[in-house]
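Single-structure report; data block below.
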Amino acid sequence: MNNCELDFADVFSRIVQIEDLHSELTSLLDKVILETGLGCPKGCRSCCLTPAYNIEVSLLEFLPLSLRLWRYGLAERLLQRLEETGEEDPCVLFERNSDLLSNGGCTFYEYRPMMCRLFGISAMIGKTGEIKPVVCKIIKAYYPSSVQRFLETVEDGSLVLPVFSHFRSRIEGIDPHLAERVYPINMALKRAIEFIGLRWNLCSLERNRPA
Ligand code: SF4
């Protein structure tokens, strides 16, 4: 393997670890939704309809998506859109038009970062170390009695919730350097696409170099 491929192999291993963590988080949330009947109202896109600076993400979490974008030849077009998009604008992956995307606004839903996955239902650690459930206000407004039952279930300890800080430190454990800094979501995506792009283009140069 040449240096470039070695470097890419290292990036691949981090991508696999992030995808495994995202899947674990999704399974935990699916269990909570199954047990409580709580979840985002169909077609809701409120959490995405906000300036990108309100959603902070590390570039590490966007490496899986960036690799797919380069693999399927979509990266340069999205980089162009990101050049034209500011942090006052919503996330570039957000589709406002519910006719085009009826279930919700995310155009790359399975690659969305942890902050987006935990926005609806999650937990945080309170001052005295207690688990404090966090529920999106839209869900509270739509399902008040289910939210009440949910809070009671959490209180009696029979429901395991994903704790934001726990998953944050596990992301940092994958690559402390790339996870350390968070950016407004569009900037994080741009930097992740550039990070993979550099390696992708270098490796293709290496591959095509005459022997
Ligand atoms: S990544 Fe998807 S879920 Fe997250 S803000 Fe962007 S559009 Fe919304």
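Worth a mention:
- Net charge of the neighbourhood of residue 183, taken over other residues with C-beta under 14 Å away and scored Lys/Arg +1, Asp/Glu -1, is -2.
- Top of 72, 53, 109 by mean-square fluctuation, Gaussian network on the chain, Cα under 10 Å: 72
- Residue among 40, 63, 26 farthest towards the positive dipole end of the chain, charges placed on Cβ: 40
- Exposure rank, largest accessible area first [20, 99; 1.4 Å]: 99, 20
- The alpha carbon centroids of the stretch 1-64 and the stretch 104-123 are separated by 7 Å.
- With Cα atoms, 0 to 90° folded angle of helix 3-36 axis to the chain main axis: 20 degrees
- Full-stretch length increase - residue 198, residue 76 - with 0.36 nm per residue and alpha-carbon distance subtracted: 42.7 nm
- Remark: accessible surface ordering of 147, 160 (largest first) is 160, 147, probe radius 1.4 Å.
- Both radii come from the Cα set of the stretch 93-211: Rg as radius of gyration, Rh as Kirkwood radius; their ratio Rg/Rh reads 1.11.
- For the set 88, 95, 194, the ranking by accessible area, highest first and with no ligand, DNA or RNA atoms included, is 88, 194, 95 under a 1.4 Å probe.
- Cα pair distances exceeding 21 angstrom across the chain, given as percent: 59 percent
- J(HN,Hα) series, the stretch 185-196, from Karplus relation 6.51 cos²θ - 1.76 cosθ + 1.60, nearest Hz, glycine and proline x: 3, 5, 5, 4, 5, 4, 5, 5, 5, 5, 4, 6
The values are calculated or read from the model by the stated rules, or taken from the named source; none is laboratory data. Computed from a predicted structure; not experimentally measured. No Cβ is skipped: glycine too gets one built from the backbone with ideal geometry, and neighbour counts run over all protein chains shown. Side chains are part of the model used for accessible areas, which takes the heavy atoms of the whole protein and leaves out ligands, DNA and RNA. Shrake-Rupley method; radii C 1.70, N 1.55, O 1.52, S 1.80 Å.
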